[in-house]
Amino acid sequence: MFRTRHEDMESFDYLASYHFKSQFLFPYYGPSLIDVVNQPLPANFMKTKTKRAPILWIARNCQASSARQLYVQELMKYVNVDSYGTCLNNKPFPDDKSRLELMAEYKFYLAIENANCDNYVTEKLFDTFLQSAVPIVDGPESYDGFIPTKHSVVRMDTYPDPRDLATYIKYLDSNDTAYLEYLSFRKPAISGSIREDLEPSFVGNWTDKDFVNQRSSWCSVCRGVAPIWLSRQDPSFKYAETDRSQRFLTDTSCMTTAKWEYISNGPPFIAPWQPTSQNKTKLQTKNSPQPNISPPTNTHWAESTYMDAADGTDGSRITALWTSELMLCMTFLAFAVWMVYRRKYAPRLRSPSPA
């Protein structure tokens, strides 16, 4: 969490992270989520939900900054939760199944993050959608841009009292009609176009695969470095860089206190924060401006302008720019391969043979 502290970020010029405002975006999943959403539910998929417990949890961090483990521990007293991870473990992980295969056998998965920060949504959510299960989520205040519809997740912070969430999960577990409403976004599309019933911000974030891949790949870092490198090699090549104070570096959105710490006080469970409304996700309406994956104006350094001092943009210089970018990418990859080789094989070669 060092990047939440301004003093720790003073030595950095740019940020590459999951946050949409980062100069370089590295989300935990990408446009393939649209492909999952636009597929119908597998035939007879409900028959795969064979586990007696409705909820699955797999986690190893039992010291999360959100104190999520306190909530889950209390929840387990009122509804069956199968925990295969090292945190609150009550089931041995099967040798013949993967994590995803296990998820397909449960109706619900606890896709709860270990911290509460804006845009901090990991692969837990994507994998739950992928396996046709309903995610129980806790993470950022808003899941705007991450979920296909308002009624596709169960918000844990709608139920500050774990007993209330247990009651609701038991209801959904016994009522297939109510349960399937959470998966209604997986109905077949009438045409090949993106359906209008999906959230606009969700569609806007993940439909342009080329744009997402261009901005979030390691080559996007090379694209950002190349103009600076070229301007240092050729004084006539001007590079207009954004002011450092205008870049997103320090994330102040993270909750500084453990969100679920109050659970340790026992009932009545009274949260020190305002619960999310029933079946609401704090998403903006379709008529409201929709935040998206696009970088903020004048903050994405890879998109800064660069002009020839004499006669404007020169085609040969653009070619040189892309050539230098390619060289930087190749150099980076070669360095990474060398480091892996050095750590894995070099010690074996240097070690003396046994006497």
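Hey, can you tell me all the residues within region 158-186 that are assigned to a helix (DSSP H, G or I) and touching a strand residue (DSSP E or B) at 6+ places or on another chain (Cβ under 6 Å)?
None; the set is empty.
When you go through (1) over 28 Å from Y18 (Cβ atoms); (2) touching a Lys or Arg at 6+ places or on another chain (Cβ under 8 Å); (3) touching a residue at least 60 places away in the same chain (Cβ under 8 Å) one by one for F45, which number turns out not to apply?
(2)
I'd like to check which helices (runs of 4 or more DSSP H) are fully inside region 1-107 and have at least 1 residues that are of a type in the set (F, W, Y) and farther than 28 Å from S216 by Cα.
Where helices (runs of 4 or more DSSP H) fall fully within region 1-107 and carry at least 1 residues being of a type in the set (F, W, Y) and farther than 28 Å from S216 by Cα, they are 68-75.
Take region 141-167 and flag every residue that is touching a Lys or Arg at 6+ places or on another chain (Cβ under 9 Å) and of a type in the set (A, V, I, L, M).
Those that are touching a Lys or Arg at 6+ places or on another chain (Cβ under 9 Å) and of a type in the set (A, V, I, L, M): M156, A166.
Residue by residue, here is whether (1) modelled with pLDDT of 95 or more; (2) of a type in the set (S, T, Y); (3) more than 13 Å from P275 (Cα to Cα); (4) over 18 Å from the mean Cα position of the chain (by Cα) holds:
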position: D138; (1), (2), (3), (4): yes, no, no, no
position: E141; (1), (2), (3), (4): no, no, no, no
position: D157; (1), (2), (3), (4): yes, no, no, yes
position: D161; (1), (2), (3), (4): yes, no, no, yes
position: L165; (1), (2), (3), (4): yes, no, no, yes
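For region 202-224, give me each residue that is in contact with a Gly (Cβ under 8 Å, 6 or more places away or on another chain) and modelled with pLDDT of 80 or more. Steps first, answer last, please.
In the first step, residues of region 202-224 are kept if they are in contact with a Gly (Cβ under 8 Å, 6 or more places away or on another chain); the result is 202, 204-206, 209, 212-213, 216.
Across region 202-224, the qualifying residue is only F202.
I need the full set of residues from region 52-105 which are of a type in the set (D, E) and either surrounded by fewer than 19 Cβ atoms within 10 Å (Cβ to Cβ) or without any contact (Cβ under 8 Å) to a residue 12 or more places away in the chain (or both), in order please.
Within region 52-105, D95, D96, E101, E105 qualify.
Among the residues of region 114-143, what is the count of those that are in a loop (DSSP other than H, G, I, E, B), surrounded by fewer than 23 Cβ atoms within 10 Å (Cβ to Cβ) and not small (G, A, S)? Before the answer, list the steps.
Step one: filter region 114-143 for residues in a loop (DSSP other than H, G, I, E, B), giving 114-122, 131-133, 139-143.
Now narrow it down to the ones that are surrounded by fewer than 23 Cβ atoms within 10 Å (Cβ to Cβ): 114-115, 118, 120-122, 131-132, 140-142.
Next cut, not small (G, A, S) only: 114, 118, 120-122, 131, 140-141.
Looking only at that region, the number is 8.
The values are calculated or read from the model by the stated rules, or taken from the named source; none is laboratory data. Just so we're clear, the structure is a prediction, and the values are computed from it rather than from any experiment. All Cβ positions, even for glycine, are placed from backbone atoms using ideal geometry, and neighbour counts span all protein chains on display.
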